[in-house]
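The values are calculated or read from the model by the stated rules, or taken from the named source; none is laboratory data. Keep in mind that what you see is a predicted model, and the values were worked out from it rather than measured. In this analysis, Cβ positions are derived from the backbone assuming ideal geometry, glycine residues included, and neighbour counts consider all displayed protein chains. When the accessible area is computed, the model is the full protein with side chains, heavy atoms only, and any ligands, DNA or RNA have been set aside. Shrake-Rupley method; radii C 1.70, N 1.55, O 1.52, S 1.80 Å.
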Amino acid sequence: MSTTSKKSWTRYLVPGFIFQSVVIGGGYGTGAEIAQYFGVKGLVGGLLGMVVTLIVWSVLCAVSYEFVRIYKTYDYNSMMGKLLGKAGVLYEICYVVLMLIVLGVINATAGSMTSDLTGLSPWLGIGILAVGQVLLIVKGTEAIEKVLSVWSIVLYIVYAVFMFSVFMKFGGNVSTEFAKGEIGSGWVMSGFQYAFYNLGIVPATLYTIRECETRKEAVVSGVLAGVIGIVPAVLLLLVMCCDLSAVVSAEVPVTVVFSMLDMRWLYIIFEIVLFGTLIETGTGFIKAVDDRIELTYQKGGKECPNWMRPLIAVVFVGVGIGVSTFGLTGLIAKGYGTICWGFVVVYVLPMLTLGIMKIKQAGNV
């Protein structure tokens, strides 16, 4: 879809849909992360923590998107090079490690989901995940934008039906949780931690900013990205209130909720949609590497070979399968917290200081 044909309102929403598609992943979608960071703080405390996450995501996306629009740095390597110079390589190190973790986790999740839902081999799920990612990456930017945006809308619809079903059956329980007004200690830090937990996602969405022509479009797109990204988390937290204490202590929270609902058909649809988000997450991460390599060729006055994109897709999909197969996911994930703080040091703080300074120096272009 070209710049001239894409409507202005679409430019505002597409970055947010892509951000939400990449950020939701397995832990978010199953409710495990939502329970860990927000549910344990009580309903009100959890919602307050989500406000903190929303603010961090929106501010960081808004500043990053405007920085990218001004300097036309549509891949993470170009952006970090403009922001930090040669020190930008530190970001790439953090990004690659994060990507290995994420690819390993989504493969492990896809395998277990397929096995639990159908009783078939986990390899079936891993295979479908691999094919989905490779096909999307090979199809290119336009196809990825369309598929991820449409799937985000589908996810919102399914979540809305899920929430409505819970409210119809357990609305009184949700009202009771609100009435408790429980605000667990540390809700502010939990909000920051969850925002930091997903910091590597923002640069995986930079290609969507090619369509932004004005500061208003870039900034509003960034603010909306935070909103679109957090809304499914809010809906999940609300449905957990059917039995908050039991749900937040479960390994897979949504499974407990669906067992209470006793709606097998909705559970199957939810799992299918969630599986699609795994494909989106992996595609988003690999797409960022593809853009980085393609733009490097262009800067050197060369055309990226036609075989490069499928090679990148196959190699990284294979690496993700390897990480999950050989049990490295848990080992690497132990260093996930360190990597997240690495993003704070090499991306967040520089972008919110040097980045804003450079934006001001560039003026309203």
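Stretched out straight at 0.36 nm per residue, the stretch from Ser175 to Glu251 would grow longer than its current Cα-Cα span by 24.9 nm.
Rounded to the nearest percent, how much of the accessible area of the chain (1.4 Å probe, protein heavy atoms only) is carbon and sulfur?
On the way: 10260 of 14860 Å².
Using a 1.4 Å probe with all protein chains present, the chain comes out at 69 percent carbon and sulfur.
Projecting the Cα atoms of Leu120, Gly191, Met80 onto the charge dipole of region 79-194, computed from C-beta unit charges around the Cα centre, puts Met80 farthest toward the positive end. With all protein chains kept in place, the per residue accessible area of the chain amounts to 41 square angstrom at a probe of 1.4 angstrom.
Nothing charged except the Cβ atoms of Lys and Arg (+1) and of Asp and Glu (-1): what's the magnitude of the dipole of the chain about its Cα centre? Round to the nearest 20 debye. Can you show the working numbers first?
Values: 24 positive and 21 negative charges, 215 e Å.
About 1040 debye.
Per-residue extension of 0.36 nm, minus the Cα-Cα distance of Met308 and Val161, leaves a gain of 48.8 nm for this segment. Between Arg264 and Ser121, the distance separating the two model label sites (each 7 Å from Cα on the Cα→Cβ line) works out to 2.6 nm.
Applying a 10 Å radius around every beta-carbon, put 171-182, 237-248, 282-293, 75-86 in order of their mean neighbour count, most first. Write out the running numbers ahead of the final one.
Working: 171-182: 13.7, 237-248: 21.2, 282-293: 24.2, 75-86: 19.4.
Those peptides, ordered most packed to least, come out 282-293, 237-248, 75-86, 171-182.
Between helix 264-299 and the chain there is an angle of about 10 degrees, using the helix long axis and the longest principal axis of the Cα atoms.
For the chain, the mean residue ellipticity at 222 nm estimated from helices alone is -26000 deg cm²/dmol, where every DSSP H run of n ≥ 4 contributes -39500 (n - 2.57) and the total is divided by all residues, rounded to the nearest 500. Expressed as an acute angle from 0 to 90° and rounded to the nearest 10, what is the orientation of the C-alpha long axis of helix 187-197 relative to the principal long axis of the chain? Tilt relative to the chain: about 50 degrees. Return one number: the angle in degrees, 0 to 90 and rounded to the nearest 10, between the long axis of the Cα atoms of helix 122-139 and the longest principal axis of the Cα atoms of the chain. It is inclined by approximately 30 degrees. Here are labelled values, (i) -0.68, -0.82, -0.97, -1.27; (ii) -0.61, -0.75, -0.92, -1.33; (iii) -0.60, -0.73, -0.88, -1.20, and one is the computed log10 I(q)/I(0) by the Debye sum over Cα atoms at q = 0.10, 0.11, 0.12, 0.14 Å⁻¹ for what I pasted. Which one? After the calculation, the listed value that fits is (iii).
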